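Beneath this line is the structure, given in structure tokens, with notes to follow.
The values are calculated or read from the model by the stated rules, or taken from the named source; none is laboratory data. Keep in mind the model is a prediction, meaning the values are calculated, not measured. Glycine gets a Cβ as well: all are built from the backbone with ideal geometry, and neighbour counts include every protein chain shown. Remember, those area values only see protein heavy atoms, side chains included, never the ligands or the DNA or RNA. Shrake-Rupley method; radii C 1.70, N 1.55, O 1.52, S 1.80 Å.
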Amino acid sequence: MIVFTSDIDWAPEEVIADTLNLFEVYGVKCTFFSTHHSLELTKSNKKLFEIGIHPNFNPILNGSSDKRPDDILDEIMDIHPEAQGIRSHSMLQSTNLLQLFAERKLLYDANHFMPYHTDIKPFRLWNGMIRIPYNWEDDVHWAYGYSFDSSGIELDPDKLIVFDFHPIHIFLNTENKYRYNEAKKFYQDPKTLLNYRNKEVVGTRDLLISLLTFCKQNKKETFKMTDVAIDFTRNNP
């Protein structure tokens with residue numbers, strides 16, 4: 001199963017719309033993990049797009065917030081009550097957090113990252129949730145120093161392939177940390193961000209477009225994360 005996901009990470013509306021538009025043009029499904037209210041996400045094509053939640057528990061760890069994990073979860077669930085799945089910002093997790101996820105009737109958890117592994121499979125957690133690992137992420141790809149000429153993973157429909165792209169890196173066509181760090185101070189200013197878009201070498205946007213093109217031209221079926229969880233549940237009652 002080929003699955004595309006995206007962590008929106010507080011991106012401005014124009015940047016989110018840019019990512020949505022790419023998936024719309026190619027007719028490819030994507031699961032978006034949301035950090036905040038976005039009108040673009042709310043009005044998006046639900047036949048193509050699923051919205052999960054992407055809560056940020058990091059402020060609790062660094063002491064910059066007196067909120068409880070329950071507060072953070074409930075705030076984002078109030079925005080997206082239909083959410084079936086969760087991927088925490090920075091993949092932060094614990095047994096206590098997983099219990100809170102289950103109490104909110106979330107179907108699946110996507111916090112397990114296995115870069116470039118091609119044998120990932122969903123499995124059931126002790127609390128009844130389905131954990132769906134993922135095996136590719138844009139900022140990790142450039143952290144390894146890899147070229148965006150290739151994802152490093154063959155699109156084999158007989159295996160589970162789960163990509164994670166960030167709208168900001170798609171918008172910037174990020175190819176390394178230096179570009180992102182320079183542009184980051186203008187994160188909420190899309191017009192200025194365009195001045196930092198990579199036009200020199202193959203980057204995140206180019207790779208995504210090549211993957212979307214491959215799926216469309218070869219009529220490869222793509223899936224939402226909920227589809228993966230439901231398929232696993234059906235075959236593992």
**Request:** Only residues of region 102-133 count here: report those whose backbone N is under 17 Å from the spot 7 Å along Cα→Cβ of residue 201, or say none.
**Result:** none
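How big is the dipole moment of the chain about its Cα centre under a simple scheme where the beta carbon of each Lys and Arg is +1, that of each Asp and Glu is -1, and everything else is neutral? Debye, nearest 20, please.
Numbers: 26 positive and 34 negative charges, 68 e Å.
Once rounded to the nearest 20, the dipole reads 320 debye.
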**Request:** Using a cut-off of 13 Å between beta-carbons, work out the net charge of the residues near residue 203 (Lys and Arg +1, Asp and Glu -1, residue 203 not included).
**Result:** -1
**Message:** Test of understanding: what is the full-extension gain from residue 71 to residue 216, defined as 0.36 nm times their sequence separation minus their Cα-Cα distance?
**Reply:** 48.1 nm
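Tell me, what is the per residue accessible area of region 1-136 in Å², probe radius 1.4 Å?
Values: 5760 Å² over 136 residues.
It amounts to 42 Å² per residue over region 1-136.
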**Request:** Count the net charge of all other residues whose Cβ sits under 12 Å from the Cβ of residue 142, scoring Lys and Arg as +1 and Asp and Glu as -1.
**Result:** -2
**Item:** Mean Cα-pair separation over length for the chain, i.e. relative contact order, pairs under 8 Å, 6 or more apart, %
**Value:** 26
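What per residue convex hull volume, in Å³, comes out for the chain when only alpha-carbon positions are used? Let's see the in-between values first.
On the way: hull volume 30.4 nm³, N = 237.
In the chain, the Cα hull volume divided by residue count equals 128 Å³.
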**Request:** Quote to one decimal, in nm, the extra length available between residue 104 and residue 192 on full extension: 0.36 nm per residue of separation minus the C-alpha distance between them.
**Result:** 27.7 nm
**Request:** Let me know the Rg and Dmax you get for region 17-100 when you use only its Cα atoms, in Å.
**Result:** 14.2, 43
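What is the Å³ per residue value for the convex hull set by the Cα atoms of region 94-230?
Working: hull volume 19.5 nm³, N = 137.
Spread over its residues, the Cα hull of region 94-230 gives 143 Å³ apiece.
In whole percent, and with a 1.4 Å probe on the protein chains, what portion of the accessible area of the chain is carbon and sulfur? Display every interim value, and only then the final one.
Details: 5680 of 11160 Å².
Carbon and sulfur: 51 percent of the exposed surface of the chain.
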